[in-house]
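Reviewing the structure listed below.
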Amino acid sequence: MSKLYKFMPFRLQFFEDQLLRLTPPNDLNDPFDAKPSIEAIRRKAAFMVDQHGEGAGCLTDADLLHHTGTVDYLKSELSKYGIISLTEDPYNLLMWSHYADEHKGIVVGYDELDTMMLVSDDCLSKYDPATSMPLPVKYTRKRPDDKIDDEYIYEIAEKSFFQQIALVKGDDWIYEKEHRILLPLSQADVAILRTDVPQSIVESVLNELDVQFTLSAENVYKFERGGINNMFNPVLKALVNPIINNLGTVMVFKRPKRTSISSVTFGCKVSDKDINAAIELYKRSAGYNANVRYFRAVLSEQRFDLDFEELFE
């Protein structure tokens, strides 16, 4: 797969700074997403606690009570990761309706997927489930359970197990043709706090915590990470500090390399005025790629389908 796409609502902020959200599993719209079934946990936990390393089938209810630490780890570990969802199909009408604000949004095309974004080596080890390359989602009617393939169970680390859980969805979602990047939330480049707390109080708290920020809009605070290996950067503080989280909603984002963006397609309900404003804002941004191609979706005259016309040829 040489090119993938991201559907999103039309927001001028994206053209100012091309951020992709690292969405934790609990914030995804599918309540099953990236959550292992108890039967899968029984089987994986049985292998993890077996002193002989040969597995023990599945843990009983009583066993589960004796190994709550292992069970809690398998249940919650993926909450430390964020998912970037991409698709191989930029034409799907349902995707335009569901994820691009009913055709008032955009689709961003990405190339160079092997170098799409900067991540540190420690999260790409043979033990970490992180995926710098997008991996295809598998669709099925059945959740991974005690029949989960042996390759996900008989592994010293839990990398394959967690990847399997994060990359399986119910087949009602098959129209999405989704590919996913899975990264630790600690790899975020930017954190954004949205709050209704008065500005004087928020800034007092942030200054007390010695967190650098910019006020990107009214009641919207932006934190940039330091160097890629700076473990005390403001993004991590915003993630783990309950004082900041109590001020409002904190979301974290990854900034793709500017050269990875290859196209922007505007929905059929986006006005000429908004298209021109977005492109001009993008040209002034630090992430501008002069090779990006622009398209507009138009209604087909013959089919219930979209056609795409290139702008500025």
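The values are calculated or read from the model by the stated rules, or taken from the named source; none is laboratory data. Everything quoted here is computed from the prediction, not taken from an experiment. Cβ sites come from the backbone with ideal geometry, for glycine too, and all protein chains shown count toward neighbours. Ligands, DNA and RNA are excluded from the accessible area calculation, which covers all protein heavy atoms including side chains. Shrake-Rupley method; radii C 1.70, N 1.55, O 1.52, S 1.80 Å.
Among the residues of segment 103-121, those that are open to solvent by 50 Å² or more (accessible area, probe 1.4 Å) and either in a loop (DSSP other than H, G, I, E, B) or in contact (Cβ under 8 Å) with a residue 24 or more places away in the chain (or both) comprise 104, 112, 115, 118.
If only residues of segment 122-148 that are open to solvent by less than 40 Å² (accessible area, probe 1.4 Å) and among the charged types (D, E, K, R) are counted, the one that is nearest to residue 79 (Cα to Cα) is 128.
If you scan segment 280-301, which residues turn out to be part of a helix (DSSP H, G or I), surrounded by fewer than 18 Cβ atoms within 10 Å (Cβ to Cβ) and in contact (Cβ under 8 Å) with a residue 40 or more places away in the chain?
281
When 84, 156, 165, 148 are screened for being assigned to a helix (DSSP H, G or I) and of a type in the set (Val, Ile, Thr), only 165 passes.
Could you list, in sequence order, all residues of segment 267-279 that are among the β-branched types (Val, Ile, Thr) and in contact (Cβ under 8 Å) with a residue 40 or more places away in the chain?
270, 279
Pairing each residue of segment 125-146 that is over 19 Å from residue 115 (Cβ atoms) with any residue that is at pLDDT 85 or above and among the polar types (S, T, N, Q), provided the two are 6+ apart or on different chains, yields C-beta distances under 8 Å for 129/160; 129/163; 143/37; 144/37; 144/164; 145/37. Only one of the listed residues (256, 184) is within 22 Å of residue 107 (Cα to Cα) and either of a type in the set (Val, Ile, Thr) or surrounded by 14 or more Cβ atoms within 10 Å (Cβ to Cβ) (or both). That residue is 256. Against the conditions (1) closer than 28 Å to residue 97 by Cβ; (2) out of contact with any Lys or Arg (no Cβ under 8 Å at 6 or more places or on another chain); (3) at pLDDT 85 or above, residue 195 satisfies every one except (1).
Can you find a residue in segment 67-81 that is open to solvent by 20 Å² or more (accessible area, probe 1.4 Å), over 30 Å from residue 235 (Cα atoms), more than 21 Å from the chain's Cα centre (by Cα) and not acidic (Asp, Glu)? Checked segment 67-81: at least one residue is open to solvent by 20 Å² or more (accessible area, probe 1.4 Å), over 30 Å from residue 235 (Cα atoms), more than 21 Å from the chain's Cα centre (by Cα) and not acidic (Asp, Glu).
Only one of the numbered conditions (1) in a helix (DSSP H, G or I); (2) crowded, with 16+ Cβ neighbours inside 10 Å; (3) touching a residue at least 60 places away in the same chain (Cβ under 8 Å) is not met by residue 94, and that is (2).
Can you find even one residue in segment 187-200 that is more than 26 Å from residue 7 (Cβ to Cβ) and open to solvent by less than 70 Å² (accessible area, probe 1.4 Å)? Yes, because at least one residue in segment 187-200 is more than 26 Å from residue 7 (Cβ to Cβ) and open to solvent by less than 70 Å² (accessible area, probe 1.4 Å).
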